[in-house]
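The values are calculated or read from the model by the stated rules, or taken from the named source; none is laboratory data. Predicted model, so just to flag it, every value in this text is computed and none were measured. All Cβ positions, glycine included, derive from the backbone under ideal geometry; neighbour counts span all protein chains shown. Please note that ligands, DNA and RNA were not included when accessible areas were found on the heavy atoms of the full protein model with its side chains. Shrake-Rupley method; radii C 1.70, N 1.55, O 1.52, S 1.80 Å.
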Amino acid sequence: MTRSTAPGTADQPTSARDNYGATGTFHGPVNFGGHPSISWPHRVGVVPPVAIGRLERPADTALETAAAAGSTTAVVYQVVAGFGGVGKTQLAATLAHRWWQEHRVDLLIWVTATSRTAVITRYAQAAADVTGVEDPDPRDGAQRLLAWLAGTTRAWLLVLDDLTDPTDLQGLWPPVTTSGRTVLTTRRRDSALLDGRVLIDVGPFTATEAVDYLHGKLGNHPHRLDEAEDLAADLGRLPLALAQAAVYIADQDLTCSAYRRRLHRRRLRTLRPPTLPDDQHTAVADTWGLSIDLANAATGGLAEILLQLTALLDPNGIPARLFATTAVTRYCTAQAGQPVGDDDTHDALRALHRLSLITVAPTDSNGDVIRVHSLLQRVVREDVPADHEQDLALAAADAIDEAWPAREPHATTAQWFRANTIILHRHTAARLWTASGARHPVLFRVGTSLGNTGLPAAAFEYYNRLHLTATGLLGADHPDTLATRSNVASWQGHAGDPAGAAAAFEQLLPDQLRVLGPDHPGILTTRTALTNWRGRAGDPAGAAAALQQLLPDQLRMLGPDHPDTLATRANLANFRGNAGDPAAAAAALGQLLEERMRILGPDHPHSLSTRNDLAYWTGLAGNPAGAAAQLRRLVEDRLRVLGPDHPDTFTSRNNFAYWLGEAGNPAEAITALRHLLEDRLRVSGPDDPGTLQTRHNLARKLGDAGDPAAAAAALEQVLADRLRVLGPDHPRTLHARHHLAYWRGEAGEPTSAVTSYQQLLVDRRRVLGPDHPQTLTTRHHLAHYQGLTGDPVGAAGAFEQLLTDQIRVLGPDNPDTMRTRKDLARSHGSSGDADKAVAAYRQLLDDQLRVLDRNHPHLLSTRGDLAHWQGKAGDPAGAAAALEQLLTDSLRILGTDHPYLLATRGALAYWQSRSATQLR
């Protein structure tokens, strides 16, 4: 924009219109020559002073850039919009003062646009000044000004500050011209107001700006800045609030920390400074009153009711769907005294949005979310009548519970609802616990959601805090307090501490028996959980025995077809398998499946989960191909029933890939796991436990397919992510360390494997205890790689010590015990005692034949090792004969394409050759 004359010079006539004002036919009396002449440049209206210590902000640059763009071309208006108290007026005033001082305008008009009358009056005054004509009717003067602005070549800036109602400018919008600029500040966001105009959206200070501002105001007394950053956060970094807080602190000789204490104890209105700073007229607590009144007027009072609901929720994001729930419309109907539907609440939210009291913003996958400034929330909460607080809190909780989807399709969806519940609980804790003598169900949904979305440690911490609240409000023996303790214990186990969970349930059980009585359903639930966590803590046989005792009580109290009775039978079968009897587990699950399908139907989730467990134990019982076939069919059914993105569908796809690899198809397994990983990343994200487990399994299958170095490299990345997400002591983190050590050893680094297993053994003993099955497994692998580093005698000694402990802890027939016996026999042979190895293998084979099915792959492996050491002991012919029979059985059991057959054929050829040589 260019000025036509130098500042301070008389106005030189450039046309008759510029010299004499408007021309043409005048309607009504006109006073010529009655108004004193003016000098240029000229200012109309009082521009507010720039606040002392005001910070330059990015919005200043945006406004300056947009306004300066009009120097050569016509530019639309700049609309400076935002929440009350963010500094919109200061932004426009800074621009006006700067341009005036830099002589960039001939005419500066400042209009306080809070009403149509105020706009017309100021326009008429400006028209009289620049044309010399005073119109008796200010409306004519306003039109005279608009005509003059449209035709003049003088540079002008017109500021319409704090526009309250866009309709007030109907017929009064300044013209668009290369000579002039219009800047409008408003809290309004009406589409008609913003359409075709440059929007400069102004928000609160950034964290850095807020602290810088307080330093600028209070820095002469550094001790006053104690907790300045926290104070800025408490006040939502709102410029108006910070300005008034700084003056209050100075007036009362306080520190920021002292002000914070008052802020947390007292109502905001009591902290108004005696004199407001920077020519302000309204205390921060009152700054939004007019906007609320306007929203109420437009919605019949509904806007304020909804604003009260938002005041209890998360300022950073409230799902808009909450306000379409029955809970909200029912509450609004009761408060408004007339029927309110979801269309009404939608329109009321839009009214609040137009007035910048809230912001309604779309998201990619979760619908609209509502954001509201935390300080406005506080003011609204403080003004809620005491007799409305209970119903308001329950309406908000009911709305969250109603809108929260049973299945959380996106992590962000879950986070929205969890955050809003936590904030609601923070503001209304007692009201969600004592309204009906019990806690609101939405409180437990937060913890369950945290755990189910891969954050078990966060769920454990949440329930711990909830338990403290319940104890304080309801007492230690209230049923809801006991239920909260149960959740604490459960998520302690899921967070990686199964022994701690078992101990917590053991402490809970006598309290429940005392308070609830022995036949209360909660007692059975706690007994079930106690036995389950004992099993997961390393005592599957003890857990199976305890469940065997629990089952008759459930049959007596609940009946044979009750879901809990059936669940106990499933757990009992699984623990029998974990205790070393996979065949018994598979048989029990087969019987259970028939009954669950009869009672629940074939597509019920429990029927499908039983099929999943049955396939697992079928594989461990020696039939990996059968397990893969069962899981192939299960994947098809879960796709049909649950859909492709359901977690249970992912689980079955993962298990199918695993058993596909175990059945001799590692390449197909790798392909299946890679496809699964893509889907899990898309649905659940990279840090979801299921995603990490799929990466773990994929790494293992890379090793099984013959690339141990790639397996180790992939597991290094998995371990780094599990350390970050789950922590160093989580069982899955320890599991990743275990397999990383294994594949490093298989990649030709046995010494590295020994070092890794030694370090892992220390941590597993500390976290799990010395007798936990996984601790014993670590000892097994450590001994194995000790032998591969050239110390077979030391390995044999370690295996002998381990075997003693496994027989004591697991029993002689446990698969892990059998595996140690097998490796001990191999160590005898590697130490130079082939005869001792043969004797040990024969004893092992006899026991395996007694315990395992004759077609079990472990029998084939033992027979192969026995033949090898039989040859090493000087009987190559016997070895060849044994391998020939083994090859026949392997073809029958495993099929023609299994990798094991190639190794067996190679061994057979070797010992046949040695036998022929011996004969010669």
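Report, in deg cm²/dmol and to the nearest 500, the calculated mean residue ellipticity at 222 nm for the chain, where each DSSP H run with n ≥ 4 adds -39500 (n - 2.57) and the sum is divided by the residue count.
The helix contribution divided over the chain gives -21000 deg cm²/dmol.
DSSP beta bridges in the chain, what fraction antiparallel, as a percent rounded to 5?
The antiparallel fraction comes to roughly 25 percent.
Leaving ligands and nucleic acids out of the surface, order His730, His264, His675, His427 by accessible area at 1.4 Å, largest first.
Listed by decreasing accessible area, they come as His264, His675, His427, His730.
How much of the accessible area of region 512-590, in percent, comes from carbon and sulfur atoms when a 1.4 Å probe is used?
Carbon plus sulfur share of accessible area: 56 percent.
Would you work out if region 655-762 is rounded, prolate or oblate? Take a ≥ b ≥ c from the square roots of the eigenvalues of the alpha-carbon gyration tensor; rounded if a/c is under 1.5, else prolate when a/b is larger than b/c, oblate otherwise.
oblate
In whole Hz, what ³J(HN,Hα) sequence does region 695-707 give by Karplus (6.51, -1.76, 1.60; θ = phi - 60°), x for Gly and Pro?
4, 4, 5, 4, 4, 4, 5, 4, x, 4, 7, x, 10
As I understand it, the dipole of the chain uses +1 on the Cβ of Lys and Arg and -1 on the Cβ of Asp and Glu, about the Cα centre. Which of Ile318, Thr565, Ala627 lies farthest toward its positive end?
It is Ala627.
Compute the separation of the alpha-carbon centres of region 139-160 and region 551-578 and state it in Å as a whole number.
86 Å
Given Cβ point charges of +1 (Lys, Arg) and -1 (Asp, Glu) and nothing else, what value in debye, to the nearest 20, does the dipole of region 648-791 about its Cα centre take?
280 debye
Which trypsin sites (Lys or Arg not before Pro) in region 392-430 sit in a loop by DSSP (not H, G, I, E or B) and have at most 14 other Cβ atoms within 10 Å of their own Cβ?
Hits after loop and neighbour filter: Arg407.
Rank-order 699-706, 821-828 by packing density, defined as the average count of other C-beta atoms within 10 Å over each peptide's residues, highest first.
Per-residue mean Cβ counts within 10 Å order the peptides as 821-828, 699-706.
Please name which of Ala285, Ala258, Pro274 has its Cα lying farthest along the dipole of region 243-295 towards the positive end, using unit charges on Cβ (Lys, Arg +1; Asp, Glu -1) and the Cα centre as origin.
Ala258
Please give the charge dipole size of the chain, origin at the Cα centre, charges +1 on K and R Cβ atoms and -1 on D and E Cβ atoms. Round to the nearest 20 debye.
1280 debye
With P(r) over Cα pairs in 20 Å bins from 0, in percent as the read-out, I listed (i) 11, 31, 25, 18, 11, 3, 0; (ii) 10, 28, 29, 21, 10, 1; (iii) 13, 44, 35, 8, 0; which label goes with the value calculated from this structure?
Read-out taken from this structure: (i).
Straight-line reach from Lys836: which lysines fall under 24 Å, measuring Cα to Cα and dropping same-chain residues less than 8 apart?
Partners found: Lys822, Lys872.
If you place +1 on the Cβ of every Lys and Arg, -1 on the Cβ of every Asp and Glu, and leave all else neutral, what size is the dipole of region 267-385 about its Cα centre, to the nearest 20 Debye?
For this selection, approximately 300 debye.
How much length is gained on full extension from Gln885 to Val46, taking 0.36 nm per residue of separation minus their Cα-Cα distance?
Once the chain is fully extended between Gln885 and Val46, it gains 291.4 nm.
Using a 1.4 angstrom probe, figure out how much accessible area the chain has per residue, in square angstrom, rounded to the nearest whole.
I get 43 Å² per residue for this part.
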